[in-house]
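Visitor: Pasting a structure here, questions to come.
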Amino acid sequence: MDISVLQKTRYEYKPKLPAGIAGDINAIKIEIGKPTESISDHKALKEVFKHTYGKPLAVFSKGNGSHSGEYKVGVILSGGQAPGGHNVIAGLYDGLKKGNPGSKLYGFLGGPSGLIDNKTVLFTGEIIDAYRNTGGFDIIGSGRTKIETPEQFEASLETTKKLGLDAVVIIGGDDSNTNAALLAEYFMEKGSKVQVIGCPKTIDGDLKNEHIETSFGFDTACKTYSELIGNIARDANSAKKYWHFIKLMGRAASHIALECALQTQPNVCLISEEVEKKQMSLSQIVESICVSICKRAENKDNFGVILIPEGLVEFIPEIKKLIQEINDVVAKHTEEFSNLSSYIDQQYWLSRVISHESYNVLLTLPPEFARGLLADRDPHGNVQVSLIETEKLLMQLVEKRLNKLKDEGVYKGKFSSLGHFFGYEGRCAFPSNFDADYCYSLGFNAFLLIASGLTGYLSSIKNLTAPASEWIAGGVPLTMMMNMEQRHGLKKPVIKKALVDLEGRPFKTFDLKRDIWAVKTCFLYPGSIQYFGPPEVCDIPSKTIALEHNKVI
């Protein structure tokens with residue numbers, strides 16, 4: 001098989017492990033903390049998780065332990081791709097084999113449906129070696145199937161019995177790990193000893209807390225997007241004639257947009273959480289962009305870069321209310337809505353079931369944008385914001401506003417715009433050294449959680465701004481990260497997404513500088529991800545993590 005030179009050298013990269021879980025497998029001890037509580041909704045969550053609620057935190061360190069048992073484990077890649085997933089599996093495999101060469105690791109094909117339908121591959125060293133330190137999820141594929149019906153839960157349990165599994169590891173984001181928590185509870189309720197461990201994956205960066213400092217893939221994706229943004233910024237500064245509206249991944253949170261802004265210093269970066277807090281209307285957002293464009297035009301700089309979070313529309317108050325009402329009525333009348341054949345039919349139907357205020361908002365939106373709000377829902381019953389061309393909406397509205405300002409004599413520049421959406425470009429890149437090390441550690445640590453007899457936990461690696469040898473491995477109870485939220489019109493337990501903290505150092509650092517960036521050309525050009533060279537170049541974590549740990553960037 002032909003492979004690239006980079007691919008060949010990445011196969012040979014040896015990921016680093018925290019010192020506390022490296023070396024002799026039986027010289028690792030587990031320390032158990034005090035019982036934990038969920039973020040909120042304690043009573044409701046205790047009812048849902050009768051067997052797994054309130055488990056204690058766990059930390060591994062050097063000491064006497066026994067991790068040499070023989071295990072059969074199944075692993076699932078769930079949800080969207082993120083750089084480093086293959087290394088989680090490699091770390092898990094190496095941990096199992098280091099504990100006992102007789103241990104077996106099965107990969108469930110196509111995501112959670114592989115567990116339901118018992119479709120597996122038995123991993124060998126040869127298979128694992130072909131995917132070490134590479135991007136993508138193609139080793140077993142992924143999927144977005146949710147295990148939620150009684151039949152699906154029962155089928156999952158039957159699969160574990162047929163394979164004789166001791167544990168299942170679910171690699172996924174907040175929804176996937178919510179599923180992991182429910183699966184762990186179900187197994188215990190049915191008297192099964194099969195353990196369930198999760199690993200935090202999502203390039204969006206919204207699965208984190210004080211114990212989960214970042215989700216894997218965020219580092220690589222942001223560095224990939226920042227390279228592209230830097231390239232575009234340099235082109236804009238060379239051509240001096242285009243305003244580039246760049247939409248970035250990040251539905252529920254703006255971590256990617258904020259990180260990329262810190263890395264590239266664009267003229268404008270919208271932060272969805274700020275828009276919501278300030279209750280900014282769509283027209284106010286447009287006005288804020290036009291202020292930068294007009295000021296730069298005074299300096300003959302008729303070009304620039306604007307970063308837009310993918311999920312921005314769901315944070316604009318009037319559109320958020322509209323989307324929530326649409327989601328609720330569609331969830332209650334799914335069949336009736338699906339039978340409506342045209343946008344006009346959908347629009348007329350909505351006029352009778354949503355508020356007059358929201359319907360008027362719908363009428364003010366460009367038809368192509370409004371159709372996006374009414375497109376097929378995702379598996380969670382929500383609008384697929386990745387299909388909504390927010391960048392083009394803003395381009396249209398900004399141009400319309402600038403034409404009016406030109407007529408009033410306020411704006412005398414030239415405006416030409418180009419739209420971009422960076423999404424898939426970052427999901428399967430070769431993982432950065434940081435993600436390669438972090439993911440391998442998450443997988444190896446997942447094995448230790450299994451060997452310690454724990455279930456309903458998320459693999460945790462902390463102290464991530466230090467060298468990898470100083471990272472701290474442990475486990476966080478999944479119920480500790482949960483609350484109750486509205487899904488498909490019903491209150492359901494879910495892991496709460498971590499939004500951008502407007503009082504946190506990453507946003508404050510951005511806020512301190514953005515007024516200067518809005519007028520002056522201050523672009524930074526991060527370049528491509530570096531895999532070879534000194535640690536301060538190759539192993540550096542994201543600026544977000546560095547700032548959250550009070551490091552200087």
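The values are calculated or read from the model by the stated rules, or taken from the named source; none is laboratory data. For clarity, every value in this text was computed on a predicted model and none was experimentally measured. So basically every Cβ, Gly included, is an ideal-geometry build from the backbone, and we count neighbours across all protein chains shown. We work out accessible area using only protein heavy atoms, side chains counted, and drop any ligands, DNA or RNA first. Shrake-Rupley method; radii C 1.70, N 1.55, O 1.52, S 1.80 Å.
Visitor: How about segment 188-205: which of its residues are of a type outside the set (Ser, Thr, Tyr) and either at positive phi or surrounded by fewer than 24 Cβ atoms within 10 Å (Cβ to Cβ) (or both)?
Guide: Those that are of a type outside the set (Ser, Thr, Tyr) and either at positive phi or surrounded by fewer than 24 Cβ atoms within 10 Å (Cβ to Cβ) (or both): Met188, Glu189, Lys190, Gly191, Lys193, Gly205.
Visitor: Further question: Examine segment 61-82 for a residue that is out of contact with any Ser or Thr (no Cβ under 9 Å at 6 or more places or on another chain) and among the hydrophobic types (A, V, I, L, M, F, W, C), and state whether such a residue exists.
Guide: Yes, there is a match, as at least one residue in segment 61-82 is out of contact with any Ser or Thr (no Cβ under 9 Å at 6 or more places or on another chain) and among the hydrophobic types (A, V, I, L, M, F, W, C).
Visitor: Are any residues in segment 230-263 aromatic (Phe, Trp, Tyr) and closer than 21 Å to Ala498 by Cβ, and if so, which ones?
Guide: none
Visitor: Might you let me know whether segment 380-388 holds any residue that is open to solvent by 10 Å² or more (accessible area, probe 1.4 Å), part of a helix (DSSP H, G or I) and at pLDDT 90 or above?
Guide: no
Visitor: If you don't mind, there's one more thing I want to ask. Going through Ser459, Ser441 one at a time, which residue ends up being farther than 20 Å from Asn550 by Cα, open to solvent by less than 20 Å² (accessible area, probe 1.4 Å), among the polar types (S, T, N, Q) and in contact with a Cys (Cβ under 8 Å, 6 or more places away or on another chain)?
Guide: Answer to the check: Ser459.
Visitor: Tell me yes or no: at least one residue of segment 141-153 is among the aromatic types (Phe, Trp, Tyr) and over 21 Å from Cys439 (Cα atoms).
Guide: Within segment 141-153, one or more residues are among the aromatic types (Phe, Trp, Tyr) and over 21 Å from Cys439 (Cα atoms).
Visitor: Also, quick follow-up: So, of the residues in segment 348-357 that are hydroxyl-bearing (Ser, Thr, Tyr) and in a helix (DSSP H, G or I), which turns out to be modelled with the lowest pLDDT?
Guide: By that ranking, first place goes to Tyr348.
Visitor: Let me ask something additional. Here's a check for you: in segment 142-163, which residue that is open to solvent by 20 Å² or more (accessible area, probe 1.4 Å) and assigned to a loop (DSSP other than H, G, I, E, B) is farthest from Gly74 (Cα to Cα)?
Guide: Thr149
Visitor: Considering each of Lys223, Lys247 in turn, give the residue that is open to solvent by 20 Å² or more (accessible area, probe 1.4 Å) and among the basic types (Lys, Arg).
Guide: Going through Lys223, Lys247 in turn, just one is open to solvent by 20 Å² or more (accessible area, probe 1.4 Å) and among the basic types (Lys, Arg): Lys223.
Visitor: Among the numbered conditions (1) surrounded by fewer than 24 Cβ atoms within 10 Å (Cβ to Cβ); (2) at positive phi; (3) touching a Phe, Trp or Tyr at 6+ places or on another chain (Cβ under 7 Å), tell me where Ile128 comes up short.
Guide: Unmet condition: (2).
Visitor: For segment 524-550, which positions are surrounded by 14 or more Cβ atoms within 10 Å (Cβ to Cβ) and polar (S, T, N, Q)?
Guide: Of everything in segment 524-550, those that are surrounded by 14 or more Cβ atoms within 10 Å (Cβ to Cβ) and polar (S, T, N, Q) turn out to be Gln530, Ser542, Thr544.
Visitor: Residues that are open to solvent by less than 50 Å² (accessible area, probe 1.4 Å): which strands (runs of 3 or more DSSP E) entirely in segment 1-80 hold 3 or more of them?
Guide: 56-62, 72-77
Visitor: Would you mind stating whether Leu105 is out of contact with any Cys (no Cβ under 9 Å at 6 or more places or on another chain), without any contact (Cβ under 8 Å) to a residue 60 or more places away in the chain, open to solvent by less than 40 Å² (accessible area, probe 1.4 Å) and within 23 Å of Lys193 (Cβ to Cβ)?
Guide: yes
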